[in-house]
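One structure is given below, encoded as structure tokens.
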Amino acid sequence: GNAADDVLKAARMMLKDDVEGAMQIFEDYKSDLIDIDKNLKEIALQEGLNFDKFSPVAQCRFLLGKVLHEQAKKQIEAGETGRASSMLLGGKNAKGKTVLGAMQHLVNVFIRYPATSWAADAGRRVEEIRLTVERDLGQTVKFRVTSDQWAKVQQAQLGNARVLVNQHQYDEAADVYLNILTLFPEDQNTPIALSGLAECYMESNNDMYARMA
């Protein structure tokens, strides 16, 4: 309904660099999006499926976090460290209302929605933001991405890939496996990802890539 329409409007505003306007729309419709999330989780419980990867909250928060992060980097390059800090860590908007920054949005996606296609990138950006805040802004960020949290995301992504293989969506599964190998190049699950990737290539009759895998 109206929430979905305004989420699309927020996305268009972010593409035009109207970050504050997009953030305000998210804040206005956050409760509606959370209600949609709750309904999806109820359906998931009834059907025995995981609908988290379709979460509108996860998608919106990742998009907001990503755009805020990219805008903050531009502000740092321009010497606008105060504005960059607000974009990364949150603060007060023009109306004096507290709004979240890129860090909070991306941590939420990384921790609460590990099965989404945005979780791994969110985790990578969280670590990048932490280093940026400490190095360029002289501030301390308490949150640290742990190995257990990364492992949870990795297992969720491997599960997504296996579901796609079982559905004979080999090209899509190969993309997931390649993303896992890019993010976790030397890991205990690397052989599993390589094996899955080879299987996808063999099923797609791509012998050369299968041999490489």
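The values are calculated or read from the model by the stated rules, or taken from the named source; none is laboratory data. Quick caveat: nothing in here was measured; it's all calculated off a predicted structure. Quick reminder, even Gly has a Cβ in these numbers, built from the backbone with ideal geometry, and neighbours come from all protein chains shown. Please note that ligands, DNA and RNA were not included when accessible areas were found on the heavy atoms of the full protein model with its side chains. Shrake-Rupley method; radii C 1.70, N 1.55, O 1.52, S 1.80 Å.
Quick look at the values:
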item: Output for segment 129-150, where each listed residue is assigned to a helix (DSSP H, G or I) and surrounded by 14 or more Cβ atoms within 10 Å (Cβ to Cβ); result: Ile129, Arg130, Thr132, Val133, Asp136, Gln149, Trp150
item: Arg162 in contact with a helix residue (DSSP H, G or I) (Cβ under 9 Å, 6 or more places away or on another chain), among the charged types (D, E, K, R) and either assigned to a helix (DSSP H, G or I) or modelled with pLDDT of 90 or more (or both); result: yes
item: Residue satisfying condition, being free of Cβ contacts under 8 Å to residues at least 12 places away in the same chain and aliphatic (A, V, I, L, M), within set Ala102, Ala151, Ala119; result: Ala151
item: Helices (runs of 4 or more DSSP H) completely within segment 52-114 that count 3 or more residues being open to solvent by 20 Å² or more (accessible area, probe 1.4 Å) and either in contact with a His (Cβ under 8 Å, 6 or more places away or on another chain) or over 29 Å from Gln154 (Cβ atoms) (or both); result: 56-77, 81-89
item: Close pairs (6 angstrom Cβ cut-off, 6 or more residues apart or separate chains): within 18 Å of Asp121 (Cα to Cα) and open to solvent by 30 Å² or more (accessible area, probe 1.4 Å) in segment 168-183, of a type outside the set (Phe, Trp, Tyr) and at pLDDT 90 or above anywhere; result: none
item: Flag if Gln157 is under 30 Å from Pro191 (Cβ atoms), open to solvent by less than 40 Å² (accessible area, probe 1.4 Å) and modelled with pLDDT of 85 or more; result: yes
